[in-house]
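Worksheet: the structure to be examined is printed underneath.
The values are calculated or read from the model by the stated rules, or taken from the named source; none is laboratory data. Worth saying up front: this structure is predicted, and the values here are computed from it rather than measured. Methodologically, a virtual Cβ is constructed for each residue, glycine included, from the backbone with ideal geometry; neighbour enumeration extends over all protein chains shown. The accessibility values were calculated without ligands, DNA or RNA, using every heavy atom of the protein model including side chains. Shrake-Rupley method; radii C 1.70, N 1.55, O 1.52, S 1.80 Å.
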Amino acid sequence: MLNGCEGTESILLFAAAVLAFPAPWRKKPAGLLLGLIWVFLLNQVRIVSLFFILRHRPQWFEAMHGAIAPIFIILAGSIVFSLWLNWASKGDAHARPL
């Protein structure tokens with residue numbers, strides 16, 4: 001596994017989104033922890049899936065590794081961010097829910 005395949009970029013992107021959103025600071029640790037765990041677990045699934053794809057369908061590997069899997073991780077992080085955003089903005093006059 002090479003640098004960049006461990007999901008650091010996705011975790012940092014999620015953390016930046018949580019920290020930049022104008023939600024109460026007391027709700028940000030929950031969002032950061034949720035995002036860290038979610039992206040980490042999904043990245044583990046991605047790595048194992050890529051192993052099996054390389055082993056059983058090597059012709060699919062480049063597309064999965066280079067485009068589909070990274071888009072999936074970012075999309076999944078975006079969904080979790082949206083869920084956290086709706087939770088974090090409830091009852092706060094300064095935050096705007098989606």
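Quick notes
- With contacts taken as Cα pairs under 8 Å and at least 6 residues apart, the chain reaches a relative contact order of 38 percent.
- Fully extending the segment from Leu54 to Lys28 would add 5.5 nm, taking 0.36 nm per residue of separation and subtracting the current Cα-Cα distance.
- Relative to the Cα centre, the charge distribution of the chain, modelled as +1 at Lys and Arg Cβ and -1 at Asp and Glu Cβ, gives a dipole magnitude of about 280 debye.
- Computed per residue of the chain from DSSP H runs no shorter than four, each worth -39500 (n - 2.57), the mean residue ellipticity at 222 nm is -22000 deg cm²/dmol.
- Cα convex hull, the range 31-75: 48 Å³ per residue, rounded to a whole number.
- For the chain, with all protein chains in place and a probe radius of 1.4 Å, 73% of the accessible heavy-atom surface sits on carbon or sulfur.
- Length gained on full extension, Ala63 to Ile37: 6.8 nm, using 0.36 nm per residue less the C-alpha separation.
- The fraction of all Cα pairs in the chain landing in successive 5 Å bins from 0 to the largest distance is 2, 13, 23, 19, 14, 10, 8, 6, 3, 1, 0, given as whole percents.
- Rounded to the nearest whole Hz, the Karplus-based 3J(HN,Hα) values (6.51 cos²θ - 1.76 cosθ + 1.60, θ = phi - 60°) of the range 30-46 follow the sequence 5, x, 5, 5, 4, x, 4, 5, 4, 5, 4, 5, 5, 5, 5, 4, 4, with x at glycine and proline.
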